[in-house]
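A short write-up of the structure that comes next.
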Amino acid sequence: MFLDAAEQAVTLLTPLPLVITANAVIGRRWAPHVAAILAGLTAGATFLLGAFELTGPASGPRNPAGVDIGYMVTGLIAATLVSKPVRERLSRYLPINPDNPVHSLALVLAVIVFGTQVSAIAFTDVLAADLKIPPLNIGDLAAQELPFAVMAFAGVGLYIRRSFVASSNRLGLVAPAWWHITLALGAAGAFWSLGEVSVWLGQTYTPDITAKVQHTSNHLFGGLVAAPAGIAALALLPGICEDLLFRGALQPRLGLLVTALLFAAIHTEYGLSFDVAAIFLVAIGLGLIRRYANTTATITCHVVYNLLASLTIVGPYQHGAHVVTAALLGVSAYAMWRRRRLPPTSGSKQETAAEEAVR
């Protein structure tokens with residue numbers, strides 16, 4: 001994580017003016033040129049940041065040269081997206097419009113986020129760095145998570161090219177069907193079980209790393225899980241804000257796999273551990289729920305999963321949780337099977353939201 005809450009919030013919101021500009025020029029004849037300019041500026045700034053830091057003094061538990069060179073390489077890779085032919089080739093695999101400034105900027109920012117995060121994880125003792133950050137309180141958590149929601153609504157053009165209702169539909173914030181909720185609850189239980197498996201694997205095969213991850217997590221979040229308000233904040237703030245950006249805004253543009261990789265990459269507090277692999281699988285699961293249901297369901301799932309992960313469930317309660325999870329997933333699977341057998345209906349809210357999501 002490396003940054004305190006205020007610094008991280010500023011970092012997350014730094015691209016906001018570019019995002020607003022990209023939305024404002026959509027529909028103009030010169031919009032494709034703006035897409036290239038924004039991509040070039042963002043990539044160039046990342047390269048220069050790495051180059052500037054490379055010449056500065058080393059600080060903290062890290063390999064500064066490795067991190068800074070990683071930033072420079074990331075900037076160079078992102079700079080290739082200035083080329084329209086490159087974007088056109090990527091559009092064969094990703095649901096993007098190479099002439100759309102918002103799509104182009106989202107792609108560049110995704111490359112930068114992934115590249116810089118991977119550089120930090122690869123060349124930095126992230127666990128030691130996180131121990132230097134003061135324990136988080138609810139205000140810190142809000143400062144870290146709310147920018148995700150801000151970027152999500154800004155990215156889809158709130159009050160620039162979409163109303164609040166249209167923006168919410170584009171983000172997948174629609175009324176869920178009953179089976180969306182059972183699916184979300186069942187998946188949350190399955191993800192919690194996956195987390196238990198990842199802990200067991202870590203304790204068995206990488207006990208030292210697992211102990212460090214646990215120590216770091218206790219340091220960062222121990223104060224929050226000690227009080228009901230903190231547990232509620234840990235469940236609600238990441239569950240709502242992160243899903244608005246990743247599942248709501250980015251997945252329809254970047255696809256499920258790329259979005260899952262980005263989601264795993266931002267969780268640097270787990271270092272290189274089995275927990276990161278579990279988070280990636282959780283992101284895949286949330287992405288599938290987004291694809292076949294909506295973001296409302298993924299938020300429900302994420303919030304419940306965070307709540308379960310914050311609680312200590314042992315003994316018969318643990319077995320009961322597994323039984324309930326299996327039952328909910330079974331009911332959801334039956335509902336999905338029945339739904340596929342029914343003839344499609346036209347003009348539904350779900351179809352309208354789906355059509356809006358691909359624009």
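Where a number appears in this text, it was derived from the coordinates with a stated rule and is not lab data. Keep in mind that this is a model prediction, so the values were computed, not measured. Don't worry about glycine lacking a Cβ; one is built from the backbone with ideal geometry, like all the others, and counts go over all protein chains shown.
For V165 and L41, FRET efficiency with R0 = 35 Å and r from the beta-carbon atoms, rounded to 0.05?
Numbers: r = 32 Å, r/R0 = 0.92.
About 0.60, to the nearest 0.05.
Quick one: Cα convex hull volume of region 78-128, Å³ per residue? Don't jump to the answer; show the numbers that get you there.
Numbers: hull volume 4.4 nm³, N = 51.
Dividing the Cα hull volume of region 78-128 by its residue count gives 86 Å³.
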- In region 123-137, which residues have a backbone nitrogen under 15 Å from the label point lying 7 Å from D208's Cα in the Cα-to-Cβ direction? 125-128
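Fully extended, how many nm does the chain gain between L146 and A51 (0.36 nm per residue separation, minus their Cα-Cα distance)? Kindly include the intermediate steps, with their values, before the conclusion.
Details: separation 95, 0.36 × 95 = 34.20 nm, distance 3.03 nm.
Roughly 31.2 nm would be gained on extension.
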- Would you mind computing Rg(Cα) / (2.2 N^0.38 Å) for region 143-187, counting N as its residues? 1.42
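So what's the net charge close to I279: Lys and Arg +1, Asp and Glu -1, counting the other residues with Cβ under 12 Å from its Cβ? Don't skip to the answer; put the middle values down first.
Values: positive: none; negative: E242, E269, D275.
Spelling it out: positives minus negatives among the neighbours equals -3.
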- Task: Order these peptides, 270-276, 244-250, by their mean beta-carbon neighbour count within 10 angstrom, highest first.
- Result: 244-250, 270-276
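Can you give the Kirkwood hydrodynamic radius for the chain, in Å, rounded to one decimal and based on Cα pairs? Numbers along the way, then the final one.
Details: mean 1/r = 0.0466 Å⁻¹.
Computed over the chain, the radius equals 21.5 Å.
From the square roots a ≥ b ≥ c of the eigenvalues of the alpha-carbon gyration tensor of region 231-344, which class results: rounded (a/c under 1.5), prolate (a/b over b/c), or oblate? Intermediate values should be presented prior to the final figure.
Numbers: a/c = 1.83, a/b = 1.07, b/c = 1.71.
Oblate shape, in that a/c is at least 1.5 and b/c is the bigger or equal ratio.
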- Query: What is the gain in length, in nm to one decimal, between L257 and R28 on full extension, counting 0.36 nm per residue of separation less the C-alpha to C-alpha distance?
  - Reply: 79.3 nm
- Any idea what % of Cα-Cα pairs in region 90-230 are farther than 28 Å? 44 percent
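Rounded to the nearest whole Å³, what is the per residue volume of the convex hull around the Cα atoms of region 1-124?
Working: hull volume 13.0 nm³, N = 124.
Taking only Cα atoms, region 1-124 has a hull volume of 105 Å³ per residue.
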- Using per-residue counts of other Cβ atoms within 10 Å, averaged over each peptide, order 283-290, 232-239 from highest down. 283-290, 232-239
